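Here is the structure we will look at, set down as structure tokens.
Laboratory data are not the source of any read-out in this text; all were calculated from the coordinates shown. Keep in mind it's a predicted model, so treat the numbers as computed, not measured. Positions of Cβ are generated from backbone atoms using ideal geometry, with glycine treated the same way; all protein chains shown enter the neighbour counts.
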Amino acid sequence: MSFLKDIQEKIGRFQLKKEQKQLKRNVKAFSIEKASTIGVLYNATNRNDAEAVKKFIQYLKEERKDVLSLGFIDTKESSELISPTLNYTFFDQNDLSKSLVPTGNDVEGFINKSFSILIDLNTQDCFPLEYISNLSHAKFKVGAKGSYRNNVCDLIIDIDDNPKLKFLIIQVKHYLKMIKN
């Protein structure tokens, strides 16, 4: 990471800690079957990963869930790559403040929506996604073991043996079906 990006991220982390102190959540575990609304947060920069997430969202819709996804495209020209459609919203580097904090109506709406479950499908370090996951008002947060997700998520899934997005999706389905509530 460049020196400038490092400083920008440090300022963003300071802002995140400040906002986290104001966040109040009522944590409640939900199974896929009992959840009414599901938020899916992911890195959409890699086309193959974005397609895997799209199939997962289709699965959730077939389960009759109200699903909203938010993907981060780590470029400034995302509008040429992907256009937003119903249930699929995206943000890119143009939607980041100087401190790398994601901004915009789509991001604010996603953070403030009280999802039954937030599924964080991010498997790498990505501060804009970390920021959204941390401040989300979701009742139950699910994500892969590692990095910020260890402190943010209520259900942490270990994918060290197979750190691929497709494997994480399989594990998320499996564990969210096991919850009895």
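At-a-glance table
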| quantity | calculated |
| --- | --- |
| Residue list for region 151-166, restricted to those being out of contact with any helix residue (DSSP H, G or I) (no Cβ under 7 Å at 6 or more places or on another chain) and under 16 Å from Leu41 (Cα atoms) | Cys153, Asp154, Lys164 |
| Top-ranked residue in region 97-150 [being farther than 15 Å from Val40 by Cβ and among the acidic types (Asp, Glu); ranked as nearest to the chain's Cα centre (by Cα)] | Glu130 |
| Within region 15-46, considering residues that are free of Cβ contacts under 8 Å to residues at least 60 places away in the same chain and surrounded by fewer than 11 Cβ atoms within 10 Å (Cβ to Cβ), the one nearest to Tyr131 (Cα to Cα) | Lys17 |
| Cross-chain or 6+ apart pairs with Cβ under 6 Å, region 47-74 first and under 23 Å from Gly104 (Cα atoms), then assigned to a helix (DSSP H, G or I) and aliphatic (A, V, I, L, M) | Val67/Ile57; Val67/Leu60; Ser69/Ile57; Phe72/Leu129 |
